[in-house]
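Participant: Right, I'll just put the structure down here and ask away after.
The values are calculated or read from the model by the stated rules, or taken from the named source; none is laboratory data. These numbers were taken from a predicted model, which means no experiment stands behind them. Methodologically, a virtual Cβ is constructed for each residue, glycine included, from the backbone with ideal geometry; neighbour enumeration extends over all protein chains shown. Accessible surface is based on the protein model in full, side chains and every heavy atom, while ligands, DNA and RNA are left aside. Shrake-Rupley method; radii C 1.70, N 1.55, O 1.52, S 1.80 Å.
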Amino acid sequence: MIRSAAMAILFATSFVTHASEPVKVKADPAKGKVVAETICVACHGVDGNSMSPENPHLAGQIEPYIYKQLSNFKATGDAPAARDNAIMAGMAAALSDEDMKNVAAWFASQKLKPESAKNEASLALGKKIWRQGDHRKGVPACAGCHGPAGSGMPAQYPRLAGQFAAYTEAQLVAFRAGTRANDPESMMRTIAAKLSDAEIKAVADYAAGLR
């Protein structure tokens with residue numbers, strides 16, 4: 001009898017504990033499409049294939065990475081946003097956490113229309129940095145985090161294959177200057193600080209041609 005009562009109490013306690021845990025709602029790409037059509041379309045296109053190198057392609061990007069970047073554009077309480085961009089701050093401010101997860105799922109599910117490498121003269125340099133890095137400078141291979149084919153690794157390292165070379169270059173320059181500082185453990189700031197303009201341009205162009 002005592003054992004039965006104890007088991008009943010244990011079961012009831014377990015039920016209450018599990019009932020109080022928040023239910024994780026799976027992101028809804030269909031709802032994300034609505035967000036894309038109303039808020040993101042002008043800069044990134046409905047399907048995440050941007051028409052301008054100033055605005056990155058988001059189609060096929062890693063879902064948690066998109067969500068993280070959107071979150072980083074939003075200020076939290078009195079703390080400033082982790083990424084400083086007036087346009088994106090305004091856009092992200094209008095999105096709820098659910099909206100950000102949904103639109104991230106939508107863009108991640110879309111097919112990228114990739115760019116291509118355009119500078120044959122720097123292709124060998126870009127390939128070397130991507131695959132081998134530069135041990136003399138302490139620069140690791142880009143492939144170590146972003147993958148040999150540039151597909152990225154969830155959730156911290158984005159897909160760079162097929163991205164606008166000009167956009168990737170701009171982000172590396174921003175990391176080097178410290179004007180972008182939302183990289184884990186200052187990793188990209190440390191690496192970019194060791195790269196010359198020519199090296200940044202070469203590796204960005206090489207990444208654009210990866211598949």
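Participant: Inspect all residues belonging to the stretch 127-141 and state whether any of them is modelled with pLDDT of 95 or more, touching a Pro at 6+ places or on another chain (Cβ under 7 Å) and farther than 28 Å from K74 by Cα.
Facilitator: Yes, that holds for at least one residue.
Participant: While we're looking at this one, here's another question. For the stretch 103-112, does any single residue satisfy the condition of being surrounded by fewer than 17 Cβ atoms within 10 Å (Cβ to Cβ) and of a type in the set (A, V, I, L, M, F, W, C)?
Facilitator: Within the stretch 103-112, not a single residue is surrounded by fewer than 17 Cβ atoms within 10 Å (Cβ to Cβ) and of a type in the set (A, V, I, L, M, F, W, C).
Participant: Give me the pairs: first residue in the stretch 56-68 and in contact (Cβ under 8 Å) with a residue 60 or more places away in the chain, second residue among the acidic types (D, E) and open to solvent by 30 Å² or more (accessible area, probe 1.4 Å), beta-carbon distance under 8 Å, and six or more apart or on different chains, which are they?
Facilitator: H57/E115
Participant: May I ask you to list the residues in the stretch 145-162 that are open to solvent by 30 Å² or more (accessible area, probe 1.4 Å) and over 15 Å from Y206 (Cα atoms)?
Facilitator: The answer is C145, M153, P154, A155, Q156, Y157.
Participant: A follow-up question, please. May I ask you to list the residues in the stretch 113-127 that are closer than 25 Å to N182 by Cα and open to solvent by 40 Å² or more (accessible area, probe 1.4 Å)? Even if it seems obvious, please write down each step before you answer.
Facilitator: Applying the first criterion (closer than 25 Å to N182 by Cα) to the stretch 113-127 yields 126.
The answer is none; no residue qualifies.
Participant: Which of (1) of a type in the set (A, V, I, L, M); (2) touching a residue at least 60 places away in the same chain (Cβ under 8 Å); (3) open to solvent by less than 40 Å² (accessible area, probe 1.4 Å) is the odd one out, the single condition A82 does not satisfy?
Facilitator: Looking at each condition in turn, A82 falls short on (3).
Participant: What's the number of the only condition in (1) within 21 Å of A149 (Cβ to Cβ); (2) surrounded by fewer than 18 Cβ atoms within 10 Å (Cβ to Cβ) that D97 fails to meet?
Facilitator: (1)
Participant: For E37, indicate whether it is open to solvent by 70 Å² or more (accessible area, probe 1.4 Å) and modelled with pLDDT of 90 or more.
Facilitator: Spelling it out, E37 is indeed open to solvent by 70 Å² or more (accessible area, probe 1.4 Å) and modelled with pLDDT of 90 or more.
Participant: Let me ask something additional. Given (1) in a loop (DSSP other than H, G, I, E, B); (2) closer than 25 Å to N72 by Cα; (3) among the aliphatic types (A, V, I, L, M), where does A170 come up short, assuming only one miss?
Facilitator: The number of the failed condition is (1).
Participant: Regarding P184, is this residue over 21 Å from S109 (Cα atoms) and at pLDDT below 95?
Facilitator: It is true that P184 is over 21 Å from S109 (Cα atoms) and at pLDDT below 95.
Participant: While we're on this one: For the stretch 173-204: of the residues being assigned to a loop (DSSP other than H, G, I, E, B) and without any contact (Cβ under 8 Å) to a residue 40 or more places away in the chain, which is surrounded by the most Cβ atoms within 10 Å (Cβ to Cβ)?
Facilitator: Looking at the filtered set, the residue picked out is D183.
Participant: Filter the stretch 66-87 down to the residues that are closer than 18 Å to E54 by Cβ, more than 15 Å from the chain's Cα centre (by Cα) and aliphatic (A, V, I, L, M) and list them by number.
Facilitator: A86, I87
Participant: Please enumerate the residues belonging to the stretch 128-144 that are surrounded by 15 or more Cβ atoms within 10 Å (Cβ to Cβ), touching a residue at least 40 places away in the same chain (Cβ under 8 Å) and farther than 18 Å from D197 by Cβ.
Facilitator: P140
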